[in-house]
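Please treat every number below as a calculation from the coordinates, not as lab data. All values derive from a computational prediction rather than experimental measurement. Cβ: placed from backbone, ideal geometry, glycine included. Neighbour counts: every protein chain shown.
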């Protein structure tokens, strides 16, 4: 028996239905897996959300909100929860049609975040105090924070604000407290004048912030002039010399009178100036102390109270030692005897100032042996050595002299 053939519409619809069913199962499975990997959780958001009053009647203003912030209990998946900030939420009290102080319901809103639901706002009701609206002009004031680096300052007349005054609007009791619209200007590290637009904050006479009022305009152009201070420091004088002292002499000291001079200029320039030099002093051939008056080399950008100093140059003879060969002499030879030297010369080492040593001759150094009281024969005697004043005898070689006394 022949099986009946299904109609055409069934043959076409069956594959489509199966495809749709497969897609539905895949979506359900994807949702299940996603929920398992990134499950939703309900918890209290950690940040406090500040309450904003909206639709305030035109002639009234909010003086205070008891409990001005709320906490939110929200639902979101773990990934979204970790990314949330206070900027993602808004809390409002709608004052449309309300003209007296009292309790108002707080509404919570999510800002541009999908998959986040607010479960609870706490507290859900807050007390609002309304007052007659008021406004006044207050001066704009630059509140200087920190200080420029050492050597820089902000003169009192170097601060300009534009505009000079702004209007503060709000509850009468709050407006009454406002003394200035202040901008915090940080001077730390500032070395050049500054011109910038700064946001304004309402503050009372003691500098405390006054919240709940509005400022128009909300910012001001502030110019702060920075000037370099003139500083005076004592800077050491370092005399400069050229040439060399005479041969045999030593340069032992150079001193300036005064040793330092006051120098004025910008602190940075003075800090880069460890000392001041003089014009070069020629000491060629110098054999004795000398005093010279010389000019100071003053670099550009600084000034001194004097342009010259007195420099004392100390020169002393150099010291050394030399060897001299000296013929010994015999004194006090007994009558009837004559002396014959077997030691023909003694090498004597003497020390002293080099110029004196160079002028010294062997004739000025005496090596003498005393034969007084001796008899005929060979004698080994210790010599006596003498030298001019300022010359020191260090040693002699040989240390003894052989003398023969004979008739």
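Just a few scattered comments:
- Arranged from fewest to most other beta-carbon atoms within 10 Å of their beta carbon, 49, 119 become 119, 49.
- 0 to 90° range, to nearest 10: angle between helix 8-37 axis and the chain longest Cα axis: 50 degrees
- Spherically averaged projected area of the convex hull of Cα atoms, segment 320-406: 5.4 nm².
- Gaussian network model of the chain, Cα within-10 Å springs - most flexible of 53, 327, 76: 327
- Volume per residue of the C-alpha convex hull in segment 154-288, rounded to whole Å³: 143 Å³
- Residue list for segment 240-279, given a label point 7 angstrom along the Cα-to-Cβ vector of residue 322 and an amide N cut-off under 18 Å: 246-250
- Values of log10 I(q)/I(0) for segment 144-228 across q = 0.11, 0.15 Å⁻¹ run -0.34, -0.59, by the Debye formula with one identical scatterer at each alpha carbon and no solvent.
- Ordered by the number of other Cβ atoms lying within 10 Å of each residue's own Cβ, fewest first, 247, 335 fall into the sequence 335, 247.
- Sorted largest first, the spans of the alpha carbon positions of the chain along the three principal axes are 176, 92, 40 Å.
- Förster-model FRET efficiency, 35 Å R0, residue 335 and residue 385, C-beta, rounded to 0.05: 0.85
- Taking 333, 238, 178 as the candidate residues, the one with maximal mean-square fluctuation in a Gaussian network model of the chain, Cα springs under 10 Å, is 333.
- Residues considered: 220, 183, 280. Largest GNM mean-square fluctuation over the chain, using C-alpha springs under 10 Å, is found at 280.
- In percent, rounded to a whole number, the relative contact order of the chain is 9, using alpha-carbon pairs under 8 Å and six or more apart.
- Value of Rg to Rh for segment 223-298, rounded to two decimals, is 1.19; Kirkwood radius and Rg both from alpha-carbon coordinates.
- DSSP beta bridges in the chain [antiparallel fraction, %, rounded to 5]: 85 percent
- Cα Rg, Dmax (largest Cα-Cα span) when computed across segment 41-130, Å: 14.2, 46
- In the chain, helical runs assigned H by DSSP with n ≥ 4 each contribute -39500 (n - 2.57); averaged across all residues and rounded to the nearest 500, the mean residue ellipticity at 222 nm is -4000 deg cm²/dmol.
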